[in-house]
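In what follows, a structure is listed as C-alpha cells, so that the remarks can point back to it.
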Amino acid sequence: MIKQNIATFLFSLFAIICLGLSIYFINHILIFTIALAIGSLIFTLYALSEFLYNKNKNVQINPNSISTGVTINYSKLSLAINLLGYLILVLLGSYFISLAGIDYKKYDRKDYLLSILGLYFTIYYSIKFIKKLNHKQVLTINDIGITLNSEKMIWSEIKNEKIITKKETSEDSKSKYLVKYLSLTHKNKKIEFKIDDLDTPDYFIMQYLKLYKNRLYNNNFVQQIKSDFSIFENILKSDDLFSLNEKELNKNIENIKLAAKSSPKDLKKYCESISDFEENNLDSIYFALSEEPEIWLEFLSDEFIRLFRIAEKNPESYKIFDLLKEISPDFELSTHSKKVVEFLYHELSNVHSKIRLKALSFINIWLSEDDMNRNNHVIKKIVKMTKDENWKIRWCAHDILLSYGIFTENEITISFQDKMKAKIMNQYEIN
C-alpha cells in the first residue's frame, strides 16, 4: 500500500510540474507548451494506471462467476500512454526542423544536424505511432486452453504456465526496465508472451490460468484418462496447489488419488517420463498418495529408490532430493519401507560425500522405532559415520544418534571444531 501511494504520488507530482511548465511556455514556445501538456497527461495516466493496478491486487476471482472463457485485449490506457509519448517525440522532431528552417542553402553544420535529427524523430516515431495503432495483441483463456493471437493451444499440451519478470533494455533509451511475461511450455516448446500492455493485470491472468485449468481437471476428470494425453499433466505443482483455499486444496488432492486409482499404469508411465526436475508436479502427486500408504507405499518406495538412483548418477538432478521429501513412509506397512532402508544403507558407503549425507538424512526418516537399537546393522553403520572424513556427515550422524536416546554423548562424541562449524555453517548440504 505504501509503495502504491508513493508511485501514485510521484506520477501525480510530475503531472503537476509538467502542467505548470506548459503554462510558463505558453507565451514563449508554443510547441513546448503542447509537449509539456501532453507530458502532464501522460503522467496523469501513469498515476491512474498505477492506482488501478494496485487497487485490486488482493481481489480473488470467484470460480462460479467466470464464463466459458475470457478474452484479454491490448490495454487502451497503455495504448494512449504510448501514443502520447510518440506524439511528443514527433513534435520534438518537428521543432528541430523548424529551428533549421526549410532553406537548406543557408544551412550551416548545426542546421544540418538539427534537420537530420528532426527528420529522424518525425519519421521514425510517426511509423511507430501508426504501428501501435494497428497492434492487435489478444490473449484468450478458456476451458479448452490458451490462444495467443491466432495460435491455439489445448490444456493437455500446456505445461509450466506462470508469470515471470525479466529485466530488459529499451531500444530507444537503452535504459533497464522490468517486463512481465506469460511463460509456458507448449509441445516441448517454450513460449513467452508479453503481458505488460494488456488490459488485465498479471495477478488476474494468473488466477484465470489456474481457474480454467482446474475447471477442466475437475469437470472432465475420469473422461480425460481415456484420451491421448496423461491426466497427470494437469495436476497443479505444489506451489500452486497449496495456494488454494482449504476446500479447493482437499478437492484437488482427492482428484489426484482418484486419477491414480483409475489409471495406475498411466501414473507409473507419467512419473517415469519426467526429465525436468526443476519444473514438475511430482511433489503434488507424492504428497497426495502418501496420505494413503496402505494403497501406495509400494509404488512410493519404488519411486523413492528410482529417483535417488537418478540423482546419484546425475549431479545436475540434485533437485530430486527436495522432491523425495514429499514421500512419507508408514511403519505399519514395514515391508516396503524396509526395502528403502536397505537401499539407503548401502548408499551410506557411497564414495561421494553428498550422497552419503543425503542417504543418512533420509534413512533417519525411514527407520522405524523397532530399528532404533544398538544391535541394528544400520545403527552400527551410523555410529561409524561419526568418524567420517567429512565433518558434516560426522555432525549429522552424531545428531541423529543423539535423537534416538540409545547412546550417551561420550559414546558418539565428535570434535569441538565440528560442533563450532555446525553453528556457523549449513551442515545439511554438501556442494
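At 7 Å along the Cα-to-beta-carbon direction for both Ser290 and His346, put a label point, then send me their distance in nm to one decimal.
About 2.4 nm separates the two model spin labels.
Output the peptides 55-61, 246-252, 285-291 sorted from most to least packed, where packing is the average of other Cβ atoms within 10 Å over each peptide's residues.
285-291, 246-252, 55-61
Any chance you could tell me what percent of the C-alpha pair distances in segment 339-416 go past 21 Å?
18 percent
Could you work out [θ]222 nm for the chain from helices alone, using -39500 (n - 2.57) per DSSP H run of at least four and dividing by all its residues? Round to the nearest 500 deg cm²/dmol.
-18500 deg cm²/dmol
Beta carbons within 10 angstrom, averaged per residue: use that to sort the peptides 149-162, 254-267, highest first.
254-267, 149-162
Just the number, please: Stokes-Einstein D of segment 264-424 in µm²/s, Kirkwood Rh from C-alpha pairs, 10 °C, 1.306 mPa s.
95 µm²/s
Please give the per residue volume of the convex hull enclosing the alpha carbon atoms of the chain, rounded to a whole number of Å³.
That works out to 225 Å³ per residue.
May I ask you to derive the FRET efficiency for Val383 and Lys194 from their Cβ-Cβ distance with R0 = 56 Å, giving the value to the nearest 0.05?
Efficiency computed from Cβ-Cβ geometry: 0.45.
Could you check how many percent of all C-alpha pairs in segment 2-133 are farther apart than 18 Å?
Result: 68 percent of Cα pairs exceed 18 Å.
Would you please name the chymotrypsin sites (Phe, Trp or Tyr not before Pro) within segment 54-129 that are DSSP coil residues with at most 15 other C-beta atoms within 10 Å of their C-beta?
Hits after loop and neighbour filter: Tyr107.
Quote the relative contact order of segment 2-133 in percent (integer), defining contacts as alpha-carbon pairs under 8 Å separated by 6+ residues.
23 percent
Count neighbours as other Cβ atoms within 10 Å of each site's Cβ, and list the chymotrypsin sites (Phe, Trp or Tyr not before Pro) in segment 343-431 that are DSSP loop with at most 15 such neighbours.
Sparse-neighbourhood loop chymotrypsin sites (Phe, Trp or Tyr not before Pro): Tyr428.
May I ask you to compute the full-extension gain from Tyr124 to His28, defined as 0.36 nm times their residue separation minus their alpha-carbon distance, rounded to one decimal in nm?
31.8 nm
Each reported figure results from applying straightforward, stated rules to the coordinates on display, with no laboratory input. Nothing here was measured: the structure is a model prediction, and the numbers come from that model. All Cβ positions, glycine included, derive from the backbone under ideal geometry; neighbour counts span all protein chains shown.
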